[in-house]
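Following: one structure in structure tokens, then a few remarks.
The values are calculated or read from the model by the stated rules, or taken from the named source; none is laboratory data. Computed from a prediction, not measured in an experiment: that's the story for all the values here. For neighbour counting, all protein chains shown are included, and Cβ atoms are generated from backbone atoms with ideal geometry for every residue, glycine included. When the accessible area is computed, the model is the full protein with side chains, heavy atoms only, and any ligands, DNA or RNA have been set aside. Shrake-Rupley method; radii C 1.70, N 1.55, O 1.52, S 1.80 Å.
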Amino acid sequence: MTRLIFLGPPGAGKGTQAAALVNLFLVPHISTGDILRTAVAEKTELGQKAETYMNAGELVPDDLMLGLIRERLNQEDAQSGWILDGFPRNVAQAEFLDYLLADIHQPYDFVVNLDVPDEVILARLQKRGRQDDNESVIRHRLDVYRSQTSPLIEFYRSRQKLISINGNQPMETVTSDLKQLVSI
Ligand code: AMP
């Protein structure tokens, strides 16, 4: 049973590394960004509410996100583990997740922090070309990361659950570092 939470700025490689590890652990990769992008593409009610925030590089409000994650973690395929990518993004979400996981008796094993310098992040995101990857939105997403998400590093460090990995290395090296550190 593997339950991991991936932290790190946009462009740190969370999605790529989570995708590499799900093949190893055979658990679902739960990316709240992917769930939201699908909702936007399908023009669901959630998608319509989320789209403006996403295009502006803002966090989608917690009242939408908390219900979304509770529903997703209650689905059948999540009962045998998961890799969470993109949630939590702020302290309120992290506190809600602690409460939720205690309630459903599914403690996480580790929180993986992918450490990548800002210049590298900017260069990577500029190449990616997603709708929310233009220069000013990228900068705003990094500001949002710094002010709202990065406090979670301390939040999880103080719970003795944090693993930090140098994400500024070739993809395969990051994956093998990760495999070693989370081999449980
Ligand atoms: P990501 O693919 O994780 O970079 O997410 C893309 C966008 O989706 C973010 O910039 C936010 O607008 C939104 N988003 C994804 N996850 C969350 C979350 N946990 N809380 C709020 N907004 C989120």
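Taking 7 Å steps out from each Cα toward its Cβ at residue 120 and residue 139 produces label points 2.3 nm apart.
The tail of the calculated P(r) for the chain, taken as Cα-Cα distances beyond 20 Å, holds 53 percent of the pairs.
What is the extension gain from residue 169 to residue 147, computed as 0.36 nm multiplied by their sequence separation minus the C-alpha to C-alpha distance, in nm to one decimal?
Numbers: separation 22, 0.36 × 22 = 7.92 nm, distance 2.53 nm.
Computed gain between residue 169 and residue 147 is 5.4 nm.
Residues whose amide H comes within less than 5 Å of that of residue 82, counting only those at least five positions distant or on another chain, are 2, 3, 4 (H built at 1.01 Å from N in the peptide plane).
Can you give me the % of accessible surface on the range 2-177 that is carbon or sulfur? Probe 1.4 Å, all protein chains present, nothing else counted. All intermediate terms of the calculation are to be shown ahead of the outcome.
On the way: 4310 of 8470 Å².
Taking all protein chains in place, the range 2-177 shows 51 percent carbon and sulfur surface.
What's the extension gain from residue 176 to residue 130 if we count 0.36 nm per residue and subtract their Cα-Cα distance?
Details: separation 46, 0.36 × 46 = 16.56 nm, distance 2.72 nm.
Additional length available on full extension: 13.8 nm.
The string of couplings for the range 143-157 from the Karplus curve (6.51, -1.76, 1.60, θ = phi - 60°) is 4, 4, 4, 4, 7, 9, 8, 4, x, 5, 4, 5, 3, 7, 4 Hz, one whole number per residue in order, with x for Gly and Pro.
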